[in-house]
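The values are calculated or read from the model by the stated rules, or taken from the named source; none is laboratory data. Computed from a predicted model, the values in this text were never measured in an experiment. Reconstructed Cβ throughout: ideal geometry from the backbone, glycine too, with neighbour counts over all protein chains shown. Calculation scope for accessible area: heavy atoms of the full protein, side chains included, ligands and nucleic acids excluded. Shrake-Rupley method; radii C 1.70, N 1.55, O 1.52, S 1.80 Å.
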Amino acid sequence: MREVFGRRWAIATVDLPGDLDELARDLPRSERCRLVDAWIDQATLLPFHTAFMSSDARIEGRAAMRGNAMGLYAKLGLAAFKVRPPEGLRFCLTCLADMEQCGRDPWWRRDHQIPGVCVCPVHGTVLRVSEAVPGRDRHAFVAATRAVCRDDAPEAIEGAGERLELLADLARRAAAMLCNPPPARGFEEIMAGYRSRIAEVGLMRSRRKVDHAALHSAFRERWGGATELIPGLALVDDPERSWLSALVRNGRRAAPTLQHVMLTTVLDGMVTPAADLPFGPGPWPCRNPVADHYGRRVIQSVEIRRDRHTLYGDFACACGYLYTCSRSAEGVIGQPRYRRFGPLLTPALEAAVAQGASLRATARVLGLDPKTVMREAKMAKVEVPWSTTPSGAVPGPEAPKPKAKFRGCRRRHGRRLRNWFSIDARLARTVARTVSMVAAELPPVRITFAELERRMARKDWVQKRRGKLPRTVAAMEHSAESTDAFRRRRLSWFVAKALKEGTLKPCEVLRAAGLPTGWLEEVRAAIGEAELLERPCRLAA
């Protein structure tokens, strides 16, 4: 331990080891950074765990593994995952024999230790559980020898049967994700990609809602009952409450990489349905008779809408002209109907009036009905010499809406509106009193935003109303205690307690206060200061 890590209490870790910079201290300085990155990419599980996380999470993980990796599981969200890492290190008998046949010392394969993977991705056989159990002896590094990898070791999973091929396929995909993770993306970007892909394969009920029943059906058709054998991957009967629905609904939290791998496999294996083109392939012609591109296919997109059993397509050209076509349930496409002319109408009407053209002649040039010409001229405020009555009602200018008078708090949906300004002022005054209550508790309790929130209101009540309670939030954030400040306050209390009990050993105080080993010198200084303060009192006595 001292030769490798520089201390004798290094902790053996399987997937996310730390102190890698210390491990590389004897290597050439110019090669340390590159070699540590290579170790992380080729000998740890960090690329797999962060395959569907942001670049900030990847950078934070690498930085922690270079130094103190304590708490990295919680920082990455892995501690909350239901797909748990294996309790004992796993191995494949065939892989072990191949290593020995090549004349090399056997080693632990990292793709055998992926959480949820129970089959060797190389040979497709069920992995076995060795006698090397992480955490049994925290400071023991165990080699993959025959002493711990016995031929009669228990299998990592039972009852695979016909589902062994599915589990082997999952293992191969997980191993590929470990070696070649995708580019870093945030949760929102991953969610948008899933929604787009789900829409492409026809698993959306509407533009915003996923058809969860169809998604679960496609998932079970692809993976069969393989998920039932892996803890944390089983689907519940209610599609709305399963992890699969949460994966495509909530883009604000991390999820096990194996779940992403299985969902991606399902979507990639589905055939994208052929695009429904009820009005034929584009582009479509423009029907503006006064445009220079009249009759040419320049309209690139069509907006489809449905009214009962009839489809309507709105064809809008860049010149402003808009017309509509209908398509019946039998597939019959109706004649184009005029909807809007656009900015080219006013110059055409003014030119017709200047030339002394009649109403019918002008209507033939514009491709409109005479009464429609009169309505469009009135809407465009073009003076015309014709007296024909326009068709339909001509919309007039909208009257300005009267300003609403403030009459105090009004009821909405049976509930009285709250005066948030008053509530904010009252809660802001309560913060100081709550801070004093928390600071007076023994053993010491850390003063945090969440602790103050629980005592003043209830969990997440203030957090969800930050915009309505700015003064309260500012007071709570200003009163929140940093980690080091809380540790010093906690250390002072434990030193005073140990002084009364007569047990002023630095190691015991350090352990009782729950402080890291780096605080040992500060503990000794606090003990010395407490003894100096206590000495005059004893002399006076």
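At-a-glance table
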{"read-out": "Members of region 219-228 found to be part of a helix (DSSP H, G or I) and either surrounded by fewer than 19 Cβ atoms within 10 Å (Cβ to Cβ) or charged (D, E, K, R) (or both), listed by number", "value": "R220, E221, R222, E228"}
{"read-out": "Of all residues making up region 57-90, the number that are on the phi > 0 side of the Ramachandran plot and either touching a residue at least 60 places away in the same chain (Cβ under 8 Å) or of a type in the set (A, V, I, L, M) (or both)", "value": "1"}
{"read-out": "Looking only at region 45-56, and only at residues there that are farther than 14 Å from M177 by Cβ and touching a residue at least 60 places away in the same chain (Cβ under 8 Å), the one that is farthest from the chain's Cα centre (by Cα)", "value": "S55"}
{"read-out": "Helices (runs of 4 or more DSSP H) contained in region 22-67 and holding at least 1 residues open to solvent by 20 Å² or more (accessible area, probe 1.4 Å) and within 21 Å of I11 (Cα to Cα)", "value": "29-43, 55-66"}
{"read-out": "In region 68-97, residue most open to solvent (accessible area, probe 1.4 Å) [restricted to those that are basic (K, R) and in a loop (DSSP other than H, G, I, E, B)]", "value": "K82"}
{"read-out": "Pairs where the first residue, in region 506-528, is under 20 Å from N68 (Cα atoms) and the second is surrounded by fewer than 13 Cβ atoms within 10 Å (Cβ to Cβ) and among the small types (G, A, S), C-beta under 7 Å, 6+ apart", "value": "none"}
{"read-out": "Residues being more than 14 Å from I527 (Cβ to Cβ), touching a Leu at 6+ places or on another chain (Cβ under 9 Å), aliphatic (A, V, I, L, M) and assigned to a helix (DSSP H, G or I) - total across region 475-495", "value": "2"}
{"read-out": "Residue satisfying condition, being of a type in the set (D, E), out of contact with any helix residue (DSSP H, G or I) (no Cβ under 9 Å at 6 or more places or on another chain) and either over 22 Å from G295 (Cα atoms) or buried (at least 17 other Cβ atoms within 10 Å of the Cβ) (or both), within set E383, E350", "value": "E350"}
{"read-out": "Filter result (farther than 23 Å from E100 by Cβ and open to solvent by 60 Å² or more (accessible area, probe 1.4 Å)) within region 138-171", "value": "R138, H139, E158, G161, E162, R163, E165"}
{"read-out": "Residue list for region 323-347, restricted to those being open to solvent by 20 Å² or more (accessible area, probe 1.4 Å), at pLDDT 90 or above and of a type in the set (A, V, I, L, M, F, W, C)", "value": "L344"}
{"read-out": "Residue tally, condition at pLDDT 80 or above and either buried (at least 18 other Cβ atoms within 10 Å of the Cβ) or of a type outside the set (D, E) (or both), over region 255-277", "value": "15"}
{"read-out": "Count - residues of region 447-472 that are within 29 Å of A496 (Cα to Cα) and open to solvent by less than 80 Å² (accessible area, probe 1.4 Å)", "value": "6"}
{"read-out": "Some residue of region 353-365 being in contact (Cβ under 8 Å) with a residue 12 or more places away in the chain, open to solvent by 50 Å² or more (accessible area, probe 1.4 Å) and of a type in the set (K, R)", "value": "no"}
{"read-out": "The listed residue being part of a helix (DSSP H, G or I) and of a type outside the set (V, I, T), out of R208, R185, R163", "value": "R163"}
{"read-out": "Inter-residue pairs, beta-carbon under 7 Å, first among the β-branched types (V, I, T) and in region 148-159, second in a loop (DSSP other than H, G, I, E, B), 6+ apart", "value": "V148/S130; V148/E131; V148/A132; V148/V142; I157/C118"}
{"read-out": "Residues located in region 473-519, provided they are among the acidic types (D, E) and either open to solvent by less than 50 Å² (accessible area, probe 1.4 Å) or over 32 Å from the mean Cα position of the chain (by Cα) (or both)", "value": "E481, E501, E508"}
{"read-out": "Top-ranked residue in region 288-314 [being out of contact with any Pro (no Cβ under 6 Å at 6 or more places or on another chain) and among the basic types (K, R); ranked as modelled with the lowest pLDDT]", "value": "R308"}
{"read-out": "Enumeration of residues in region 81-115 that are at pLDDT below 90 and closer than 26 Å to R253 by Cβ", "value": "F81, K82, V83, R84, P85, P86, E87"}
{"read-out": "Listing of strands (runs of 3 or more DSSP E) fully contained in region 289-379 that carry 3 or more residues being among the hydroxyl-bearing types (S, T, Y) and within 18 Å of P278 (Cβ to Cβ)", "value": "322-327"}
{"read-out": "Output for region 299-313, where each listed residue is surrounded by 16 or more Cβ atoms within 10 Å (Cβ to Cβ) and farther than 30 Å from A218 by Cβ", "value": "I299, Y312, G313"}
{"read-out": "The lone exception for M204 - which of (1) open to solvent by 50 Å² or more (accessible area, probe 1.4 Å); (2) without any contact (Cβ under 8 Å) to a residue 12 or more places away in the chain; (3) not charged (D, E, K, R) it fails", "value": "(1)"}
